[in-house]
1. Would you mind calculating the relative contact order of region 129-281 from Cα pairs under 8 angstrom and at least 6 residues apart, reporting the percent as a whole number?
2. For region 290-413, just say rounded, prolate or oblate: build the C-alpha gyration tensor, square-root its eigenvalues into a ≥ b ≥ c, call rounded for a/c under 1.5, and beyond that prolate if a/b exceeds b/c, oblate if not.
3. Residues of region 420-450 with the amide nitrogen closer than 13 Å to a label point 7 Å from the Cα of E131, along Cα-to-Cβ, please.
4. Residue by residue through region 397-412, which ³J(HN,Hα) values in whole Hz follow from phi under the Karplus form 6.51 cos²θ - 1.76 cosθ + 1.60 (θ = phi - 60°), with glycine and proline marked x?
5. Would you list, by chain and number, the lysines whose Cα falls below 22 Å from the Cα of K299, excluding same-chain residues fewer than 8 positions away?
6. Could you name the aspartates and glutamates in cross-link range of K240, using Cα to Cα under 14 Å and dropping any fewer than eight places away on the same chain?
7. Once you have the Cα-Cα distance between L372 and R317, take 0.36 nm times their residue separation minus that, and quote the gain in nm to one decimal.
8. Assuming R0 = 60 Å, what is the FRET efficiency of T4 and V361, from their Cβ-Cβ distance, to the nearest 0.05?
Amino acid sequence: MSETTLRIASLNGLLGYGYPRESLQRALAMQPDLLGVDAGSTDPGPYYLGAGESFVSDAQVRSDLEPALCAAVEHGLPLIVGTAGGSGAQPHLEGLLAIVREISARHGLRFRMAVIPAEVPQATVLQALREGRVTSCGPSHGLTEEHVRACTRIVGQMGTEPLIEALNGGAQVIIAGRCCDAGIFAAEPIRRGFDPGLALHMGKILECGTLAARPAGANDVLVGTIGPDWFEVEPANPAKRCTPESVAAHSLYEQPDPNCFYEPEGMVDLSGCEFEQVGERAVRVTGSRLVPAQEQTVKLEGARACGFRAITIAGLRDPLIIERLGEIERSVRAAVASAMAGTLAAEEFSVRFIRYGLDGVTGGIEPPPEPLPREVGLVIDALAPTQELADRVLKLARSTALHQHFDGRKTTAGNLAFPFSPSDFSGGAVYEFSVYHLMRVADPRALFPVAFEEVG
């Protein structure tokens, strides 16, 4: 691109979700200055961070990464992959690096690579906690030292600074741990002197691929171009188009306030934004403005193990059962507690009815529907300190629920219909976010050291 514009191609919404190879070729024909892709998300919950596992298979990641890496090296383009392995902790980073080296060796690729880890030592968080530098992020609980020590892994979300350092160091390929999604795409424009508010807003639109286009879907290539006081986004796929509505809607993605969103660099003010159709498939955005943060903070994510899970899935059809399901659940819980007395204390396990069709999604925030549905899907969820105990608790809960008496019952037949046999599923280890907080720091780059290596 020219000195007054910069162009970035986002492969898709998440590395491993797939994208048409034709879209990549069309994006390359548009002469981008950088390729980028987000590789992670907290959407699947804390398990993958805590367990150190990726929620996308290596085969899927390899399929997406191979053509992009080869194209980046061939065309001399930087390639940035953020939140490696889904959660961006050390096992995830190492897993993605192994794939990068494998692809590079197979194709004889040579390039300078930067690796940026994002795990934060417990000792660092504990010190910040003692110094009063940790605050809640949203509705999260007040953090204690016990919460920190219980975590199997803690990561910090890096902003643009470590990525800029890697680019300044001549890295052509950057593999980073946990990243703020927008930063993956905003780092290079900010490094080159473009307006940071526009760069971060463009990054926010690019990070989910063509989810900001129509027809909506994250598995395709989106191209962003930034100028002195504007940016434009356009799908590489000619079957898709951006509209002012689709781009404005994605500006609200995962945000509680329609007028702004927050990044480590500060608040991006969207109150003065305008969205304009440019041609048939592109949208130009103006008016995005960064209000710099008054203090440097890093968002922390830490997961701790909290037991093992077992579930069963059943269907309910009897209107009397559906009407009295709360009563049945209370009776089942009491029966299981009685049966487990002497083995597990009541606070050491849980039995939960998730009632899809009544309040399975809202959790009782809304009143029950009227009239009651004809069918309800029921998930019985058991949690206990070991898998054997969780399986045992579930079997008791399932068998009790199957034959539990309730007012108005006339038959002795079963209450539940099971779509699967066996009906019970061992869910394995369960994790929860024990740390989901902001930590004030003097220099966020100190948490994210950049290491360089020559590949090939």
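1. On the way: 200 pairs, mean separation 23.3, N = 153.
Result for region 129-281 is 15 percent.
2. Details: a/c = 3.12, a/b = 1.45, b/c = 2.16.
It is oblate, given that a/c is not under 1.5 and a/b is not larger than b/c.
3. Once the point is set 7 Å along Cα→Cβ of E131, 439-444, 446-447 turn out to lie under 13 Å by backbone N, inside region 420-450.
4. Each residue's phi maps through the Karplus curve to give 5, 5, 5, 5, 4, 4, 10, 5, 6, 8, 4, x, 6, 10, 9, 9 Hz.
5. K299 reaches K204.
6. Within the straight-line cut-off, K240 pairs with E22, D220, E280.
7. On the way: separation 55, 0.36 × 55 = 19.80 nm, distance 1.10 nm.
Full-extension gain reported as 18.7 nm.
8. Details: r = 48 Å, r/R0 = 0.80.
Given R0 = 60 Å and the Cβ-Cβ separation, E is 0.80.
Laboratory data are not the source of any read-out in this text; all were calculated from the coordinates shown. Everything numeric in this text was worked out from a predicted model, so none of it was measured. Don't worry about glycine lacking a Cβ; one is built from the backbone with ideal geometry, like all the others, and counts go over all protein chains shown.
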